[in-house]
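The values are calculated or read from the model by the stated rules, or taken from the named source; none is laboratory data. Since the structure is predicted, the reported quantities are computational estimates derived from the model, not experimental observations. In this analysis, Cβ positions are derived from the backbone assuming ideal geometry, glycine residues included, and neighbour counts consider all displayed protein chains.
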Amino acid sequence: MSPAALLRCPAKLNLGLEVVGVMPDGYHEIRTLFQTIDLADDLAIELHDSELLLETDGSDVPSGHDNLVVRAASLLRETTGVEQGARIRLSKLVPVGAGLGGGSSDAAVTLMALDRLWETGLGLRGLSSLAVQLGADVPYFLHGGLCLGLGRGEKLFPVQSDLSKTVFVLVCPRQILSTSQIYSDWDARLTSSAKDSRLRRFFASALAGQVEWGHLHNDLEGPAAQRAEGVLAARSALCESGAHAVLMSGSGPAVFGVFLEPQQAKDAERNLSAAGHRTYLCRAISRAEYVEFIGFQD
Ligand code: ATP
């Protein structure tokens, strides 16, 4: 295979996540703060006359039409009427079903890449309406960086704040959680966030130039911890490692520690890994870096 494009599909962290309530269509309304990180899947794309073929090394992900990469490519073909195909190789490095958005990122990068390679010319605006059909987190990965997500997470508002000096240590329990299961476990009585948004207080502190991580919280951590005991174990291990703040991402079970000192983060990651945890040392990818990080030339 001599690929036309070699790309990276970055994971995201939900720095905070508040469930506001359930919408009339049954979806949960949320407020969340997304941040892309440098943990990423690899995607190699080669043009093909007509067929859409996917090879993947991850045993946890579907290989056929259920894979979000194939669904994204098929949707772009159906929408634009393009007849070209592609051979795509996906190397999964982002843990699956961990709350890190790996599948959504793969889908968004596939849309952006094939829109260029097939010259379908939809651009970000045109791709947004396709992205939201693939999943609530997919539109975010068309933009990356730090973003407030409202609605189901698809209404996006870029946030100007510099997290480039922050280092994240991820601990990923080896358990796959279903996002829809965790939302249906969510119980409105467990949270007061609809009325008292701690995310808002975080914004106020960030805008004042004094990021107060203590304001952040994930309403889904309780339900996730009930299903995956690794969530509490990861939280305790990160707290003991001296993390400045510890949060769960998305619907879990991945938990991350915020470190303000790079050396302390490196030491923590090494010790947690030696103790048998599945760990990753990561940094934030800003919106300015995003396109280049993925591997697009412009
Ligand atoms: P989110 O935080 O966006 O809710 P997640 O990180 O918890 O999602 P993913 O790793 O994106 O979860 O996978 C969710 C589901 O999507 C899994 O059941 C998986 O089988 C399916 N899936 C389909 N295509 C992919 C893909 N390319 N990568 C990962 N999962 C995929």
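For this structure, a couple of remarks:
- Within region 79-101, residues that are closer than 12 Å to Cys9 by Cα sit with their Cβ atoms under 7 Å from residues that are among the basic types (Lys, Arg) and within 16 Å of the ligand (Cβ to nearest atom), at 6+ positions apart or across chains, in these pairs: Leu100/Lys12; Gly101/Lys12.
- A count restricted to region 130-183 and to residues that are within 13 Å of the ligand (Cβ to nearest atom), over 14 Å from the mean Cα position of the chain (by Cα) and of a type in the set (Ser, Thr, Tyr) stands at 3.
- Residue that is farthest from the ligand (Cβ to nearest atom) [pool: residues in region 253-271 that are within 13 Å of Ala234 (Cβ to Cβ) and touching a Ser or Thr at 6+ places or on another chain (Cβ under 9 Å)]: Ala268
- For region 107-158, the candidate set comprises residues that are farther than 24 Å from Leu17 by Cα and of a type in the set (Lys, Arg); within that set, the residue that is surrounded by the fewest Cβ atoms within 10 Å (Cβ to Cβ) is Arg125.
- Among residues of region 87-102 being surrounded by fewer than 24 Cβ atoms within 10 Å (Cβ to Cβ) and among the small types (Gly, Ala, Ser), the one that is modelled with the highest pLDDT is Ser91.
- Residues that are away from the ligand (no atom under 11 Å from the Cβ), more than 22 Å from Ile182 (Cβ to Cβ) and under 21 Å from the mean Cα position of the chain (by Cα) number at least 3 in the following strands (runs of 3 or more DSSP E) confined to region 1-112: 5-22, 28-48.
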